[in-house]
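Trainee: This is the structure I want to talk about, given as structure tokens.
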Amino acid sequence: MTTIAHDPSAAAPHAGGLVARALARLARWLEIYSDAAVRIARVLCATAVVIAIMALAGNVFTRNVLGYSLFGAEEAARFAFLWAIWMGVSLAVKRGAVTVITFVADAGGPLWRRAVRTFSGGSLAALLVYACWRSTEYATGPLANVGQTPALEIAWFYPIVSMTVGYYFITLHYAHALAEGAARLAAGGRETAARVLGTGLLGGAAVAGLVWLTSWGLLQLGASPLIALMVFFVTLTLAGTPIIFMLSVVGIIGTRPEFLGLSFYPNPNDLFPFTVTQGAMGLTGGGELLVILMFLVTAEVLNASGMSARLISFAAAVVGHLRGGMAYVSQLTSALVSGISGSAQADAAIMTPILVPAMEREGYRRDVAAAVVAGASIKGPIGPISVMFIVYGAIVTGPAGASIQKLLLSGVMAELLLLLFQSATVYVVVRRMGFLEKRRFAGMRQVARTGLVALPVLVIPFIILGGIFSGIFTPTESASIAAVVAIFMGFFWYASISPRQLPGVLVLAGIETGIVMLLIGDSAILAQALFLDRFGESLEALFTGLTDNKYVFLLVVNLILLVVGIFLEPLPALYILAPFLAPVAVIEFGVDPVHFGLIMVFNLVLALIHPPIGLVLFLVSSIAKVSVERLSIMILPWLGVSLLVLFLVTYLPSEAVLALSNLIDK
């Protein structure tokens, strides 16, 4: 994994001439403004997260205790959510927390690297300039300044301008990094700088020309606009464009009335990509996506307060005595944490810094230990507290839709199968290694003691699920109550986190939320364009013309989703494809709507651990200090058994797979 954002520890270049001195001076000025933007973003992000939690949890309290609802609470939470997202993304850029794929850019010699990086950097620069322009137009135009919001009765300007401020901050951070790089280049001498700049620009232009020519040729041959647009998608991804911005570029290119003579899904409204993104992230709907922020706040509080370590201690007391026990501890911990975070990334962030060193001390190689944790972490998105299921339930409506309650329970059987097969893989790996010794059982007293200490943490999933299934809370409200309970326990029950630490924890949750939500917002551009182009009807005709057999259809869908997962992260892929695939599966092929939701979510979750852009692979790699290339090899056994479980989940009878979810009638 590589980053484009400025590294604050980088030394300032030595001035080596007039141009170098001027660029160095510019870099220093930009650094001042960039650092100021960071301080502002941190305050705004933490404040926005607090407002969102207070609005949601406060509304639950007043409705169920005082007998009235807080009018406008949901709208206030959504608007605060927008500010948390954009400030979080700007902070992610500054910290270098944006994921990029670099193996293609790094594969060749200097000329190749310059060409690919110039193409990627030029695309990003063009996006940011265009986004600053259009988002300013959006915030100052009639859409933002005519009328008021329905509940709070404030000008639409206030939530909309979050995007404008976010893009300006992001541009400022990248401009600072660019100025520093240019100053270093200029300090190396005029001839060197001219040669590097010239070859980079020529090479970047050549790559851009080749991409344009390929896409134009496909359109001329009658290929689908989606296939032609995918040329930009794949090239930008492999060239090292940050994933969260690559989707923005593709969405804008795809919906422009004309882009350099190319037309894909033309829309006459220049602000279409920006209005769709803000709308999907909470401006005019999408309140259910607040659950992502609430779950990530809970996970970050657990991590910062040491509550996650208590869960791991309990798991170690139960299964740590087995041969190679820390790998079993990883499996059990992932099952426990999955009932709290609902996110594979959160689970991996919790387990990796504790379990990888512990497994090393037990005799595992670091790459093996990292693969064990990465493979185990995918239980989160298919467990009973799953962000993916909540999103699926929100975006798939009508006859093909399924209740969120049933979807949440549908993953229990899949999670148990995954736990069983991954534990069996641990057994095989341990036996092949041969040198891991069996340890003494800690004793029931130790199990009881660690279980009692961890018990308050284990109550959180029951609060979430109990509220949802009882109908007292919505999923988002349940998650907000879980966040409040986690903060309360960290402050008072365990006294392991101080009020001064809380803003930093909330900012971390905001950063992670910003990255996830911008992916969803950007993917909504393409999803909306496909909807307007009647993509669903084309997809239906394709599948019904291909087969009339339900099982063949499911095989084809699984293969397509596995390929999509190579290039696209799970949530964006779900957001783009689920509204089109679900009606075909349910209406045309008679697949149970809950079962199909489980199949889609499980399949796309596997993208988190398969190369080349598996987010969990990058996360675990960076924390465990293992190369992504090595981890991509060591993860293969865990990916293999996960594919086997996917096969079972797909083809076992729905009555067996959905045994738990069929117990509720909603």
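The values are calculated or read from the model by the stated rules, or taken from the named source; none is laboratory data. Just so it is clear, the structure is predicted and the values come from calculations on it, not from any experiment. Reconstructed Cβ throughout: ideal geometry from the backbone, glycine too, with neighbour counts over all protein chains shown. Quick note on the areas: whole protein, heavy atoms, side chains included, nothing else; ligands and nucleic acids left out. Shrake-Rupley method; radii C 1.70, N 1.55, O 1.52, S 1.80 Å.
Trainee: Quick check: from the Cα gyration tensor, does the range 166-261 come out rounded (a/c under 1.5), prolate or oblate?
Mentor: oblate
Trainee: Using a 1.4 angstrom probe, figure out how much accessible area the range 509-614 has per residue, in square angstrom, rounded to the nearest whole.
Mentor: Per-residue accessible area for the range 509-614 comes out at 32 Å².
Trainee: For the chain, with the dipole built from +1 on Lys and Arg beta-carbon atoms and -1 on Asp and Glu ones, taken about the Cα centre, which of L604, I244, L178 lies farthest toward the positive end?
Mentor: Farthest along the dipole direction, towards plus: L178.
Trainee: Explain nothing, just the number: relative contact order of the chain, from Cα pairs under 8 Å at least 6 residues apart, as a whole percent.
Mentor: Dividing the mean separation by the residue count of the chain yields 18 percent.
Trainee: Could you check how much of the accessible area of the chain is carbon and sulfur, as a whole percent, using a 1.4 Å probe?
Mentor: 67
Trainee: Follow-up question, since we're still on this one. Evaluate E = 1/(1 + (r/R0)^6) for L455 and A126, where r is the Cβ-Cβ distance and R0 equals 45 Å; express this FRET efficiency to the nearest 0.05.
Mentor: 0.25
Trainee: Using a simple charge model, +1 on the beta-carbon of Lys and Arg, -1 on the beta-carbon of Asp and Glu, nothing else, what dipole does the chain show about its Cα centre, in debye to the nearest 20?
Mentor: 2200
Trainee: If you don't mind, there's one more thing I want to ask. Using the alpha carbons of the range 481-623, what is the convex hull volume per residue in cubic angstrom, as a whole number?
Mentor: About 147 Å³ per residue, rounded to a whole number.
Trainee: Counting only other residues whose beta carbon sits under 14 Å from that of G287, what net charge do I get with K and R as +1, D and E as -1?
Mentor: -3
Trainee: Kindly provide the pair-distance distribution of the range 123-177 built from C-alpha pairs, with 10 Å bins from 0 and whole-percent values in order of increasing distance.
Mentor: 25, 43, 23, 9, 0
Trainee: Just the Cα atoms of the range 71-113: what Rg and Dmax do they give in Å?
Mentor: Rg then Dmax for the range 71-113, in Å: 18.6, 61.
Trainee: Continuing with the same structure: State the three equivalent ellipsoid semi-axes of the range 366-513, derived from the C-alpha gyration tensor as the square roots of 5 times its eigenvalues, in descending order and whole Å.
Mentor: 31, 25, 17
Trainee: Now for a separate question. Could you derive backbone 3J(HN,Hα) for the range 529-539 from the dihedral phi with the Karplus parameters 6.51, -1.76 and 1.60 (θ = phi - 60°), listing whole Hz in sequence and x where the residue is Gly or Pro?
Mentor: So the Karplus estimates, Gly and Pro as x, are 5, 5, 4, 5, 8, 6, 5, x, 5, 5, 5 Hz.
Trainee: Here is a follow-up. Please sort 95-108, 183-196 by packing, taking for each peptide the average over its residues of neighbouring beta carbons within 10 angstrom, highest first.
Mentor: Output ranking for 95-108, 183-196: 95-108, 183-196.
Trainee: Here is a further query. Leaving ligands, DNA and RNA out of it, rank I515, I468 by accessible area with a 1.4 Å probe, largest first.
Mentor: I515, I468
Trainee: What angle do you read, to the nearest 10 degrees and between 0 and 90, between the alpha-carbon axis of helix 444-470 and the longest principal axis of the chain?
Mentor: Here the helix axis deviates by roughly 70 degrees.
Trainee: Tell me what the chain gives for mean residue ellipticity at 222 nm when only DSSP H runs of n ≥ 4 count, each as -39,500 (n - 2.57), the sum divided by the residue total, rounded to 500 deg cm²/dmol.
Mentor: After summing the helix terms and dividing by the residues of the chain, the value is -24000 deg cm²/dmol.
Trainee: About its Cα centre, how strong a charge dipole does the range 70-208 have in debye, to the nearest 20, once Lys and Arg get +1 and Asp and Glu get -1 at the Cβ?
Mentor: Roughly 680 debye for the range 70-208.
Trainee: Enumerate the calculated ³J(HN,Hα) couplings along the range 117-126 in order (Karplus 6.51 cos²θ - 1.76 cosθ + 1.60, θ = phi - 60°), each rounded to whole Hz, writing x wherever the residue is Gly or Pro.
Mentor: Karplus-based 3J(HN,Hα) across the range 117-126 equals 5, 5, 4, 5, x, x, 5, 5, 4, 4 Hz.
Trainee: Could you work out the percent of alpha carbon pairs in the chain separated by over 40 Å, rounded to a whole number?
Mentor: Of all Cα-Cα pairs in the chain, 30 percent lie more than 40 Å apart.
Trainee: Then there's this: Testing the spin-label approximation: label points 7 Å from Cα along Cα→Cβ at T199 and L636. State their distance in nm.
Mentor: Simple spin-label model gives 3.5 nm for this pair.
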